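These notes concern the structure reproduced below.
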Amino acid sequence: GTPENLPSLSPGEPIPPTLGRDFGPLVEESDGFAQVFPEHKFLLVEALRQRGHTCGMTGDGVNDAPALKKADVGIAVEGATDAARAAADLVLTAPGLSVIVDAIVVSRCIFQRMKNYVIYRVACTIQLLLFFFIAVFAFHPDAYDAAHQAAFGAHTYRLPLSDTSAAVAEGLPLNISYGFAMSEHEVGLAIPSSFNLPVIALVVIVILNDATIISIAYDHVKPSALPERWNLPVLFTVAGWIGGIACFSSLLLLHWALNSQDPSSPIRACGVEPLTYGQVVAMMYLKISLSDWWTIFAARTQGPFYSRAPSRIVFAAASTATLLSTLFSCVWPFQDIRFDEAAYLEHEPQELDGQLIGLRSSHVVFTWAYTIIWFLVQDGCKLAMYKLLHHYDVCGIRTEAEANAARVAKNKAILNQAHNVLAASRV
């Protein structure tokens with residue numbers, strides 16, 4: 001472009017509010033302008049900002065100061081005047097502009113990690129909060145036990161609090177029962193009316209989850225070729241979809257676990273031993289934990305989870321959290337930690353917590369296999385959701401992607417043309 005096509009501004013004249021509308025398309029479609037005056041630099045920056053762009057500006061002289069001040073990111077190069085340094089946001093202390101390219105690449109990597117963090121954080125929050133909200137109001141373990149005892153009363157091992165004797169039909173082994181079997185740690189504890197995890201289990205989940213979240217700052221990401229913007233509706237839609245699938249799988253497993261005493265239940269059909277209520281709690285602790293740690297691998301890519309390898313730190317954090325959760329579900333180390341508010345107020349000693357009983361190896365294998373299957377389903381549904389959002393151009397996601405692809409192709413063509421000219425000049 002040339003100065004004849006650019007706007008002008010007289011001293012003391014206010015900036016036209018229609019600058020972006022009148023000259024924005026020209027500025028966006030041009031690769032550069034020659035023979036410009038200082039006022040043109042300022043107006044070019046203002047036109048781009050009125051078009052909604054985040055504008056950067058480099059300069060070294062006094063005449064660049066107004067444009068440096070107006071730009072979103074003003075950069076004073078090495079050796080710039082004091083006026084340019086004062087107006088700039090960044091001051092380069094070494095010659096050359098390559099550091100600007102490095103800063104742009106680093107900032108775009110940070111932006112990608114922030115998007116991954118938002119998706120992962122929202123998905124985990126939805127899974128936890130929605131699961132416990134539904135489980136508290138919709139799943140009543142005592143009702144499961146009462147239904148089994150009513151249906152199979154003659155073949156039921158009675159709960160210790162109601163009748164410690166075994167009302168077993170003649171010839172039927174004692175361990176075949178359709179109400180909840182009780183381990184020695186659970187004797188004297190009633191089946192609760194609503195499902196919940198011990199508070200210490202939630203604390204462990206949150207702590208390990210925070211460690212996994214921190215690792216996102218060191219993940220491998222691919223910086224975008226062009227500037228990006230926040231598309232929060234798309235991010236929250238994908239995160240809600242991922243978290244909702246994890247929540248549904250947890251609720252389904254809870255239903256199966258509460259019915260595990262029934263020989264026709266899916267858990268028993270897989271050859272897994274029935275669970276006591278304490279083991280049901282342990283299984284759900286393990287399932288929720290595994291879903292949380294593994295969701296990070298689905299949230300960090302728009303393609304399949306294996307399309308980009310995670311960093312060693314992310315993999316180590318998720319693996320450590322997975323192993324610790326599995327170990328805790330087998331050998332719960334906080335068995336002697338229980339807070340009973342009534343006992344505390346009466347200054348009575350706290351009793352042992354029989355709410356979470358360690359799982360057997362078959363229970364752990366079943367939970368791992370179940371979670372892996374649902375993780376693959378979760379990742380496939382994520383791909384389908386992204387395709388659906390692009391197909392219907394939700395919040396302009398397809399339009400923006402196509403425009404960016406066109407700009408990238410144009411930039412590559414210009415770069416190839418420059419390389420050809422340079423190669424021809426050397427011949």
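Full-extension gain between Ile214 and Ala269, please, as 0.36 nm times their residue separation minus the C-alpha to C-alpha distance. All intermediate terms of the calculation are to be shown ahead of the outcome.
Numbers: separation 55, 0.36 × 55 = 19.80 nm, distance 3.99 nm.
Value of the extension gain: 15.8 nm.
In terms of modelled amide H atoms, which long-range or inter-chain residues lie less than 5 Å from the amide H of Val91?
The answer is Ala76.
I want to verify the translational diffusion coefficient of segment 62-114 in µm²/s; compute it with Stokes-Einstein, Rh as the Kirkwood radius over Cα pairs, at 10 °C and 1.306 mPa s. Before the final figure, lay out each step's value.
Working: Rh = 11.8 Å.
Estimated diffusion coefficient is 135 µm²/s.
At what distance in nm do the modelled label points of Leu415 and Leu26 sit from each other, each positioned 7 Å from its Cα along Cα→Cβ?
Between Leu415 and Leu26, the simple spin-label model gives 3.0 nm.
Note down the nm distance, to one decimal, between modelled labels 7 Å out along Cα→Cβ at Ala424 and at Gln302.
It works out to 3.6 nm between the two label points.
List, in order, the whole-Hz ³J(HN,Hα) value for each residue of segment 28-44 obtained from phi through the Karplus relation with A = 6.51, B = -1.76, C = 1.60 and θ = phi - 60°; use x for Gly and Pro.
Each residue of segment 28-44 in turn: 5, 7, 8, 8, x, 10, 10, 6, 8, 9, x, 5, 5, 4, 4, 6, 5 Hz.
Kirkwood Rh over alpha-carbon pairs of segment 18-101, then Stokes-Einstein at 20 °C and 1.002 mPa s: what D in µm² s⁻¹, rounded to an integer? Display every interim value, and only then the final one.
On the way: Rh = 13.0 Å.
Using the Kirkwood radius from Cα pairs, D works out to 164 µm²/s.
Hey, for a label at Val394 modelled as a point 7 Å past Cα toward Cβ, could you say which residues of segment 227-258 have their backbone N under 15 Å away?
231-245
Report the full-extension gain for the segment Thr81 to Ala103: residue separation times 0.36 nm, less the Cα-Cα distance, to one decimal in nm. The partial results should precede the final answer.
Numbers: separation 22, 0.36 × 22 = 7.92 nm, distance 2.23 nm.
Length gained, Thr81 through Ala103: 5.7 nm.
No lab work stands behind these numbers, since they all come straight from the coordinates. Please read these numbers as outputs of a predicted model, since none were measured by experiment. Ideal geometry is used to build each Cβ from the backbone, glycine not excepted, and the neighbour counts take in all protein chains shown.
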